[in-house]
Amino acid sequence: MSSKKILVVEDDEDVRLGLAESLQKNHFAPITASEGTGAIQRLLEHRDIDTIVTDIRMPIFGGDYWLSFLETFCLPRYRIILASARQLDTVPTGMRYLRKPYSFEELLGLLK
């Protein structure tokens, strides 16, 4: 594997930290944020992020606004993987979707 930087955006602390730990064990360099505004800050601080793995429903700057931001300002520069328990009617073009709960192996398959 590589040491690609992966931005993990997840409001559930246990999920966020567990995912970051698993990514690190698999030779990725995880960077974390607990909500959309924190994610924007991380994107500005780390210009070499490759992929964003993000929850959709978050209390601060989440939901449709977050999806719109990602679609407008982050594509095609970043690979974007949406991870949500919420069923999406449509996935924005250029993004991938994992329905929670998902296995880490499913995520690894999308990261390769």
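The values are calculated or read from the model by the stated rules, or taken from the named source; none is laboratory data. Values in this document were obtained by computation on a predicted structure and should not be read as measured data. Backbone-built Cβ (ideal geometry, glycine too); neighbour counts: all protein chains shown.
Observations, loosely collected:
- Count of region 45-87 residues which are in a loop (DSSP other than H, G, I, E, B), β-branched (Val, Ile, Thr) and at pLDDT 95 or above: 0
- Looking only at residues of region 88-108 that are in a helix (DSSP H, G or I) and among the charged types (D, E, K, R), we find that the one that is surrounded by the fewest Cβ atoms within 10 Å (Cβ to Cβ) is 105.
- Members of region 37-76 found to be free of Cβ contacts under 8 Å to residues at least 60 places away in the same chain and of a type in the set (Val, Ile, Thr), listed by number: 37, 40, 49, 52, 53, 54, 56, 60, 72
- Residue within region 19-36 that is free of Cβ contacts under 8 Å to residues at least 24 places away in the same chain, touching a strand residue (DSSP E or B) at 6+ places or on another chain (Cβ under 8 Å) and crowded, with 20+ Cβ neighbours inside 10 Å present: yes
- Residue within region 13-35 that is in a strand (DSSP E or B) and among the charged types (D, E, K, R) present: no
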